[in-house]
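The values are calculated or read from the model by the stated rules, or taken from the named source; none is laboratory data. These numbers come from a predicted model, not from an experiment. Reconstructed Cβ throughout: ideal geometry from the backbone, glycine too, with neighbour counts over all protein chains shown.
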Amino acid sequence: MHVLKPRLSEKSYSTSQATNTFALDVPSELNKHEIAAEVEKQFEVKVAAVRIVNRKGKTKRVMNTTGKRYANRHGVQSDIKKAYVTLAAGSHLPFFEAEEADAKDAAKAEEKAKAAGKKATPAVVKTTAKAENKTAHRGLLRSRKSGDK
């Protein structure tokens, strides 16, 4: 049994919605057939296709300073093997369940608002109001610190 970790990002969410393809981090020793077998075994779904990407680890600069001596060394991040697993029609993985539930709730709220004849108030408006309130509060705190009243 190998550990298959999902790659949770906006890009992987959009590909999962559009083409039913999910991105996974997989151990480097597995090939396409073994990955397909592991996904079917772990998640009990039907796999249609598997594509693999081997990403070389990035080289990073590491500075060492001790006393008068310093040295530039290069550290290397570990290599990553990604698998893009396309599932058969009717199969789905529950990685983005919370995001999908939020999208459904937003659609229901919008329908309800249309039925009531009002415009839906998106969450963006609420967050901007909070941000403006925080900014005003910070300005008040700054004026108190500087001595202006």
Going through segment 60-89 in order, the residues found to be free of Cβ contacts under 8 Å to residues at least 12 places away in the same chain, part of a strand (DSSP E or B) and among the small types (Gly, Ala, Ser) are 71
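So that you can scan it fast, the table gives a plain yes or no per residue for (1) at pLDDT 85 or above; (2) of a type outside the set (A, V, I, L, M, F, W, C):
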position: 48; (1), (2): yes, no
position: 51; (1), (2): yes, yes
position: 62; (1), (2): no, no
position: 90; (1), (2): yes, yes
position: 100; (1), (2): no, yes
position: 127; (1), (2): no, yes
position: 137; (1), (2): no, yes
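Let's see how each residue does on (1) surrounded by 10 or more Cβ atoms within 10 Å (Cβ to Cβ); (2) not assigned by TED's automatic domain parsing to the domain that holds residue 18:
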| site | (1), (2) |
| --- | --- |
| 35 | yes, no |
| 46 | yes, no |
| 51 | yes, no |
| 63 | no, no |
| 110 | yes, yes |
| 114 | yes, yes |
In this structure, does residue 92 turn out to be surrounded by fewer than 10 Cβ atoms within 10 Å (Cβ to Cβ), not in a helix (DSSP H, G or I) and not aromatic (Phe, Trp, Tyr)? no
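Considering every residue within segment 35-55, establish whether at least one is of a type in the set (Asp, Glu) and in contact with a Ser or Thr (Cβ under 8 Å, 6 or more places away or on another chain).
Of all residues in segment 35-55, those of a type in the set (Asp, Glu) come to 38, 40, 44.
Remaining after also requiring in contact with a Ser or Thr (Cβ under 8 Å, 6 or more places away or on another chain): none.
Within segment 35-55 (the criterion being of a type in the set (Asp, Glu) and in contact with a Ser or Thr (Cβ under 8 Å, 6 or more places away or on another chain)), the answer is no, since none of the residues qualifies.
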Quick check on residue 107: is it at pLDDT 85 or above, under 24 Å from the mean Cα position of the chain (by Cα) and in a helix (DSSP H, G or I)? yes
